[in-house]
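The values are calculated or read from the model by the stated rules, or taken from the named source; none is laboratory data. Model, not experiment: these values are computed from the prediction. In this analysis, Cβ positions are derived from the backbone assuming ideal geometry, glycine residues included, and neighbour counts consider all displayed protein chains.
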Amino acid sequence: MTKQPSMEEIIKNFQNGEFIFLHDDDSRENETDIMLAAQHVTPKKINQMRQLGGGLLCVAISPDIGSKLKLPYMWEILLQTNSPSLNPLVNTSRNKNQRSTHSITFNNRTLGGATDTQRSDTISSLHKLCENYTENDNFYNDFHSMFESPGHLQMLIGSPGLLGSREGHTELSLFLCEVSNLTPIVIMCEILDDQSFKEKSVNDSKSLAKENNITFIEAGTILDYYKSNC
């Protein structure tokens with residue numbers, strides 16, 4: 001069995017701008033995502049994430065940032081519309097804590113395209129705005145003047161309470177930001193398989209991580225740390 005890195009190693013690598021491969025759990029999506037702390041974004045790293053991952057490029061923000069910006073989840077938006085064709089799309093039988101964390105798509109108002117440079121610039125702008133968001137009395141207005149929707153990046157919002165309420169990639173990555181003392185914004189992308197056209201298997205994801213000298217971790221490593229320290 002491959003030895004799991006310690007949380008100290010994981011935190012150090014995350015703080016230093018290294019990619020992390022994170023496998024959630026066999027009982028959830030059974031999927032590995034490539035993660036990067038948003039403050040380290042560059043066009044080259046966006047390109048690497050696309051090449052290594054191949055899935056949807058998402059930007060996760062903390063529930064506190066989402067709340068201050070008054071941003072809803074997409075399922076809430078669909079339920080609030082008056083459209084008879086959109087309301088039924090939401091699976092209301094699913095527990096709220098198991099629903100998607102997808103919110104709006106967005107981009108910087110000056111960047112309408114979807115190049116790696118443009119997406120990197122959008123993420124960098126968001127990170128800079130959020131660095132001191134708790135002290136910025138004009139945070140809400142600044143966000144709405146800088147960004148527009150729809151756009152070239154998918155936003156995710158962590159569930160309130162993070163791992164206390166949901167154990168998905170969104171919450172796991174934002175908790176990692178929290179314990180790493182980083183601004184709670186994470187870029188993530190699912191790692192897909194170009195042979196089966198499904199998610200890449202855990203073993204193949206581990207091999208890919210090893211080939212590229214990237215840390216691979218199981219969700220349990222973060223969850224055990226959370227349960228022992230929070």
Q: Scan region 110-120 for residues that are crowded, with 17+ Cβ neighbours inside 10 Å and at pLDDT below 95 and jot them down.
A: 111
Q) Residues in region 194-211: is at least one of a type in the set (Val, Ile, Thr) and within 18 Å of the chain's Cα centre (by Cα)? A) no
Q | Among (1) over 15 Å from the mean Cα position of the chain (by Cα); (2) closer than 25 Å to residue 160 by Cα; (3) surrounded by fewer than 20 Cβ atoms within 10 Å (Cβ to Cβ), the one test that residue 107 misses | A | (3)
Q.
Checking the conditions here, which among 123, 77 is closer than 23 Å to residue 158 by Cβ and either touching a Ser or Thr at 6+ places or on another chain (Cβ under 9 Å) or loosely packed, with under 13 Cβ neighbours inside 10 Å (or both)?
A. 77
Q: Exactly one condition in (1) on the phi > 0 side of the Ramachandran plot; (2) touching a Gly at 6+ places or on another chain (Cβ under 7 Å) is not met by residue 190; state its number.
A: (1)
Q | Filtered residue count, region 126-147, keeping only those that are within 30 Å of residue 22 (Cα to Cα) and either in contact with a Ser or Thr (Cβ under 6 Å, 6 or more places away or on another chain) or not hydrophobic (A, V, I, L, M, F, W, C) (or both) | A | 7
Q | Subset of region 56-94 that is of a type in the set (Gly, Ala, Ser) and modelled with pLDDT of 95 or more - its residue that is nearest to residue 41 (Cα to Cα) | A | 60
Q: Any chance you could count how many residues in region 126-145 are buried (at least 17 other Cβ atoms within 10 Å of the Cβ) and within 19 Å of residue 42 (Cα to Cα)?
A: 4
